[in-house]
Amino acid sequence: MAICCISLALQAQDPRERTYYYEILQPAHEPKPKVEGFAAQRVVERLNRGLAAAPSQDGKGVYLSWRLLASDDASTTFHVYREADGKRRRLTKQPIAKTCDFIDEHPLEKAVYYVEALVKGKKPMTSEKLPVLLSAWKNYLSIPIRENARVGKLAVADLNGDGYYDYIVRTPASNVDPGMPGDSTGITYKISAYLHDGTYLWTYDLGLGIEPGVWYSPFVAYDFDGDGCAEVALKTSGDDYKRNAKHRVYAGSEYLTVLNGMTGKEIARVAWPERNDRYGNLIRQNRNQMGIAYLDGKTPYLLAARGTYKLMVVDAWMLHEGKLTRAWRWDGDEENPVVRSMGAHSMVTGDVDGDGRDEILLGSCMLDDNGTLLWSSGLGHSDKAYLCKLRPDMEGMQVYMVSEPKKEDGRGVSVVDARTGKLIWGINQTTFHVGDGMVADFLPSHPGLECFASEDRKGGSTDKYLLTADGKKLDVPNEEVPGCRNWVWWDADLLRETFQMPNRWSNPSAARQGMSVWKWKGETLTTGLQGDIQLIADLDGDWREEVITALPGELRIYRTNIPARDRRVTLMQDPLYRSYIMHRSMGYPQSPVPSFYLGE
């Protein structure tokens, strides 16, 4: 067994202010070689202009917005065109240079819109065309879901290579948690694919060998083989499964399976990381996750992960020419005992050390691109861990994490350096069982992203915390600390907005009116959003985000219609932001953040 030397640094003499960090000093084994995949250059999505429409704020016009792409010249400007009744009309007198939006204040009942990208000395580039029928107008796009099913998890990826994001859904929305009693006999999860316009493609039934719970059924979608069309990867099982007296699956074959995104047919299949008593209870602690990382900086690798609370194992696979080849296996016990129990309920990947290759944040620890441990904080299980840029003047990226185990050392809510794992700041008070956390800039009076968190009743505390990017605790009553789950860039400024949820018990009529997008303790911007939020992402239009919700038999895509003040490259072309979206289809939901500072 390989053993790493560990340094435990104790800071401050007052026990209430002591903070700890763990640093890998020198591995006792030979370092693993760097990964080299099939791609000669980075595999990226070929996005189109993403032209989208919504009713204007006064309800009389058509609000149009479109993407600025990373490939666009800085001098690019845009003209907007409308086709109707066989006639073509340019709607813009002068090219649009400051934003990527436009309002047609005098629309026709039926028309087709498109934009032209202009660069001096080059031929104009025409976007895809967008039809708009005013009599069928709604403030959202509806995607029908078969069998009136309610979506429980959602992935977005371009399945046919046309530049639009398509939808891969998991139904039903029910969930069996490993830590809770429940009988899942007879219930199976289904993975289905729909094109961006709602065209149904296929359904894959996971069968009775996969428990219908989020920790047994991870799936992700992306272009793994570089052919321009996304595949769907998921955890599957054979027919040799066994169930215990409580009808929970405890044995049987398990696989990492890759499906063709357009047909749902199997491309390749390999063994999932095997069950092992070192994980702890194979039902309670047998958490499974999936991930995507550019381990060589160019090739997207599939990650199959098992374990959260004790042993943690990750396999990295490359899909090439229809075959899955394993690049490495990381076994936490072989590397370092302090890695045990350091997992979170999701993962995210990004280049934290500047070598052009992705590292993997598993929670309280970070893996290097070659499948070795980069650092471990030693803090134990974190419900939420955010790789982010807290302030524009801070070097590199940071990790904001909240820890479930009771912490008397002030590190139950903390920020560490993403490259080294060393402490930047802690909350400097005892925490008991912090179960949720988030970073977002919603207070312009404080520089950087605010950091907030909430205790879980399991630990005996219901406290909530709101801190600045520098770790200064703000004196805000519990009831005024915002929720951690869903945040969106919706209006024209760089502050992030959140949601007001209706009280279904005290006001049933308000519940029927749906959610509202609002500025914290401020203006309500948009009302009437219906359904359960499944995804917040910059799917199309300009850089602001869309909100995808689920209702029985339907997905709804809501877009802002607030005119923009500026423009920036679509967030989906920022590698870290895209990574958050990739991983939203498995694990606990986390609102995405980019690798650069985005705030006031």
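The values are calculated or read from the model by the stated rules, or taken from the named source; none is laboratory data. Computed from a predicted model, the values in this text were never measured in an experiment. All Cβ positions, glycine included, derive from the backbone under ideal geometry; neighbour counts span all protein chains shown. Side chains included, ligands, DNA and RNA excluded: accessible areas come from the protein's heavy atoms. Shrake-Rupley method; radii C 1.70, N 1.55, O 1.52, S 1.80 Å.
Here is how the numbers come out for the structure above:
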| item | result |
| --- | --- |
| Surface accessible to a 1.4 Å probe, per residue, for the residues of the stretch 204-346, Å² | 33 Å² |
| Convex hull volume per residue for the stretch 263-401, taking Cα atoms only, in Å³ | 128 Å³ |
| Per-q log10 I(q)/I(0), the chain, q = 0.05, 0.09, 0.11, 0.12 Å⁻¹ (Debye; single scatterer per alpha-carbon; no solvent) | -0.21, -0.71, -1.09, -1.30 |
| Under-5 Å amide H pairs with LEU362, H placed in peptide plane, nonlocal only | LEU367 |
| Loop GluC sites (Glu not before Pro), the stretch 103-139 (other Cβ atoms within 10 Å of the site Cβ: 13 or fewer; DSSP) | GLU105, GLU109 |
| Net length gained if the chain between VAL476 and ASP532 were fully extended (0.36 nm per residue, minus Cα distance) | 17.3 nm |
| Reach of LYS235 by Cα under 16 Å, taken over aspartates and glutamates that are not fewer than 8 positions away in the same chain | ASP205, GLU211, GLU254, GLU266, GLU274, ASP315 |
| Structure-based [θ]222 nm, the chain - -39500 (n - 2.57) summed over DSSP H runs of at least 4, per residue, nearest 500 | -500 deg cm²/dmol |
| Qualifying lysines (Cα of each under 16 Å from Cα of LYS472; at least 8 residues distant if same chain) | LYS464 |
| Sparsely packed chymotrypsin sites (Phe, Trp or Tyr not before Pro) within the stretch 495-600, loop by DSSP, other Cβ within 10 Å at most 15 | TRP505, PHE596 |
| Share of carbon and sulfur in the accessible heavy-atom surface of the chain [1.4 Å probe, %] | 49 percent |
| Pairwise centroid distance, computed over Cα atoms, of the stretch 434-468 with the stretch 289-329, Å | 32 Å |
| Residues with amide H under 5 Å from that of LYS422, placed H, sequence gap 5 or more | ASP417 |
| Within-10-Å neighbourhood charge of THR171 [Cβ basis; K, R +1; D, E -1] | +4 |
| Prolate/oblate/rounded label for the stretch 365-457 (Cα gyration tensor, a/c 1.5) | oblate |
| Over 29 Å between alpha carbons, listed pairs LYS422/LYS521; LYS242/LYS265; LYS120/LYS389; LYS153/LYS389; LYS473/LYS519; LYS323/LYS384 | LYS422/LYS521; LYS120/LYS389; LYS323/LYS384 |
| Neighbour-limited loop hits for trypsin sites (Lys or Arg not before Pro), the stretch 86-150 (at most 12 other Cβ within 10 Å; DSSP other than H, G, I, E, B) | LYS93, LYS98, LYS120, LYS122, LYS129, LYS138 |
| Length-normalised contact order of the chain in % [C-alpha pairs under 8 Å, at least 6 apart] | 14 percent |
| 17 Å cut-off, amide nitrogen to a point 7 angstrom out along ASP162 Cα→Cβ, residues in the stretch 213-232 | 228-231 |
